[in-house]
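Data first, discussion second: the structure below is written as structure tokens.
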Amino acid sequence: MWNEIRFGLAGALMLLSLLTLCTGVLGTFRFRDALQRMHSAAVNDTLGLLLAVCSLMLAEGLSFTSVKYLLVLIFLWVSSPVSSHLIAQLEYRSRVPGKEER
């Protein structure tokens with residue numbers, strides 16, 4: 001009984017993760033400004049990763065693999081905002097003053 005509930009919750013979390021990541025892709029294509037695109041991708045990426053890794057940890061159960069999943073999540077949560085911030089700084093500094101995007 002517990003296994004069916006656990007895998008059902010894991011599947012629901014994975015579908016929610018997929019929905020979140022798809023909205024991030026939609027936001028990336030919808031916005032015109034590069035900084036808005038990056039913000040949309042970074043926010044949805046963080047939530048999508050959390051849901052996906054929680055789903056995998058729930059499906060796996062309490063094991064060493066779950067600890068590995070948690071370490072991967074922590075690494076991605078540290079590296080993704082840093083890389084997004086650096087790319088955003090590069091974009092902001094390389095803009096030509098007075099030029100507006102259409």
According to the Cα gyration tensor, what semi-axes, each the square root of 5 times an eigenvalue, does the equivalent ellipsoid of the chain have, listed from largest to smallest in whole Å? 35, 16, 5
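Just subtract the alpha-carbon distance of SER94 and LEU35 from 0.36 nm times their residue separation and send over the number in nm, one decimal. Kindly include the intermediate steps, with their values, before the conclusion.
Details: separation 59, 0.36 × 59 = 21.24 nm, distance 1.22 nm.
Full extension of this stretch gives 20.0 nm more.
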Using alpha-carbon coordinates, inclination of helix 64-93 to the longest axis of the chain, degrees: 10
Relative to the longest principal axis of the chain, what angle (0 to 90°, nearest 10) does the C-alpha long axis of helix 34-60 take? 10
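If you average the sequence gap of Cα pairs under 8 Å that are 6 or more apart and divide by the length of the chain, what percent do you get for the contact order? Before the final figure, lay out each step's value.
Working: 80 pairs, mean separation 31.0, N = 102.
Relative contact order comes out at 30 percent.
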Relative to the longest principal axis of the C-alpha atoms of the chain, give the angle of the C-alpha long axis of helix 2-30, reported between 0 and 90° and rounded to the nearest 10°. 10
Taking alpha-carbon centroids only, the stretch 59-76 lies from the stretch 1-43 a number of Å equal to 19
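Where a number appears in this text, it was derived from the coordinates with a stated rule and is not lab data. Bear in mind the structure is a predicted one, so any value in this text is a computation, not a measurement.
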